[in-house]
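Each remark here refers to the structure printed beneath this line.
Please treat every number below as a calculation from the coordinates, not as lab data. This structure is a prediction, so every number in the text was calculated from the model and none was measured. Cβ sites come from the backbone with ideal geometry, for glycine too, and all protein chains shown count toward neighbours.
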Amino acid sequence: MFISRPGALALILLLLPAVALADRWPHEGGTLTLDKTPERIIALNWAATEALLLLGVTPVGVADRDGYDYWVKKPALPDQVPNIGTRVAPSLEAIAELKPDLIVTSAEMAPAADLLKRIAPTYVISVYREGGAPFAKAKEMLLTLGDILNREARAEAVLRDIEHSLATQRQRLEAAGLTDQPIALVNFMDARHVRIYAPNGLYQRALEGLGLENAWPHPGNFWGFSVVGLEAIAPYGNSRLVVLSPTPPGLPDTLAESPFWTHLPQVQRDQVYQIEPVWPFGGVYQVQRLATMLTESLLAGGSDNVR
């Protein structure tokens, strides 16, 4: 019989068995479905670890935790967080023992995705992929995790702080007249070769935020860099050369005898700058760290050598 009385439909719905409503988030591995906010979270890469810490969430386990302390450093990872193996081969047993209710990983772990899902709901997002935009993807990860963990306001505040920091550092450089010369960002592989950071990498957002031009105009791999010989930098001699630590043992002595190095215009002008390690394959906070350290280094002035 058709019931048309006001409120009848609502009464019928109240009498039906209660059905728990679950939240859903599409991701690279399917759809994440949760019926409650996760509290025990494992991160299988450093970008995810960084994002959780920015949200004020301490993961119950991370991959390669000692490496995080050396390369990423900030936001700081509490000492008590256990290591659950490497980023490329985490221990499923160690993960299961921690009884997580959410695992955050990337596409590199695709072969293990089904096994991870048997342990706990798994969210897959890759900040670094062919044709991707690392900073935009890192923002997406932070905002989505903020939504999953009911920390949306915290995620948005983090992003506002990063943009404010970039603007502040840019004003300092502009006031000093230091924004009109391009920057070449490199890591030394050995005395003859460097990893140079390209416009499609995470570091590009730091340069743009500071009002600086990337001296290297060529796209790199999907990680955002290319490996080149020192001679490849010579055509961009109007730039300043910024070296990211660490450097190979004995490098300064070797470079002092290297014609590839000593004849670079940047070296001859004392426009070589060196800063602490900044993880180039991380999340949004690494942009802020790089921008701050790069600003301080440029304001302090350059030299003709590396340490």
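Would you mind checking the tilt of helix 134-148 against the longest principal axis of the Cα atoms of the chain, expressed as 0 to 90 degrees and rounded to 10?
Compared with the principal axis, the helix lies near 30 degrees.
Just to confirm the number: angle between the C-alpha axis of helix 284-300 and the first principal axis of the chain, 0 to 90 degrees, nearest 10?
Once rounded, the angle reads 20 degrees.
Using a Gaussian network for the chain with springs between C-alpha atoms less than 10 Å apart, which of these wobbles most: L212, L251, L166?
L251
Below 23 Å Cα-Cα, how many Lys pairs turn up in the chain? Only count pairs eight or more apart in sequence, or on different chains, if you could. Mind showing how you got there, number by number?
Values: K36/K99; K36/K117; K73/K137; K73/K139; K74/K137; K74/K139; K99/K117; K117/K137.
Summing the qualifying lysine pairs gives 8.
Any chance you could check the Cα centroid distance between region 151-205 and region 228-265 for me, in angstrom?
Answer, in whole Å: 21.
Ranked by Cβ crowding within 10 angstrom, fewest neighbours first, how are I119, I41 ordered?
On the way: I119 18, I41 26.
Placing the least packed residue first, the sequence is I119, I41.
Would region 20-126 count as rounded, prolate or oblate if I go by the C-alpha gyration tensor, calling it rounded below 1.5 in a/c and otherwise prolate when a/b exceeds b/c, oblate otherwise?
Numbers: a/c = 1.65, a/b = 1.41, b/c = 1.17.
Prolate is the answer for region 20-126, as a/c is 1.5 or above and a/b outweighs b/c.
I'm spelling it out carefully: the read-out is Cα Rg over 2.2 N^0.38 Å, the candidates are (i) 1.22; (ii) 0.96; (iii) 1.13, and one was derived from this structure. Which label?
(i)
If you line up the long axis of helix 152-175 against the longest principal axis of the chain, both from Cα atoms, how many degrees apart are they, to the nearest 10?
Helix 152-175 and the main axis of the chain meet at about 20 degrees.
Based on Cβ point charges of +1 for Lys and Arg and -1 for Asp and Glu, what charge dipole magnitude is obtained for region 20-126 about its Cα centre, in debye rounded to the nearest 20? Let's see the in-between values first.
Details: 10 positive and 14 negative charges, 25 e Å.
It comes to approximately 120 debye.
In terms of the Cα gyration tensor, with a ≥ b ≥ c the square roots of its eigenvalues, is region 195-234 rounded because a/c is under 1.5, prolate because a/b exceeds b/c, or oblate?
Numbers: a/c = 2.75, a/b = 1.42, b/c = 1.94.
Oblate, since a/c reaches 1.5 and b/c is not below a/b.
Please arrange M189, M109 by counting, for each residue, the other beta carbons lying within 10 Å of its beta carbon, fewest first.
Values: M189 14, M109 22.
The order, fewest Cβ neighbours first, is M189, M109.
Using a 10 Å cut-off around each Cβ, can you sort R87, R160, R192 from fewest to most neighbouring Cβ atoms?
R160, R192, R87
Output the relative contact order of the chain, whole-number percent, from Cα pairs under 8 angstrom with separation of 6+ residues.
Working: 540 pairs, mean separation 49.3, N = 307.
Averaging sequence separation for qualifying contacts and normalising by length gives 16 percent for the chain.
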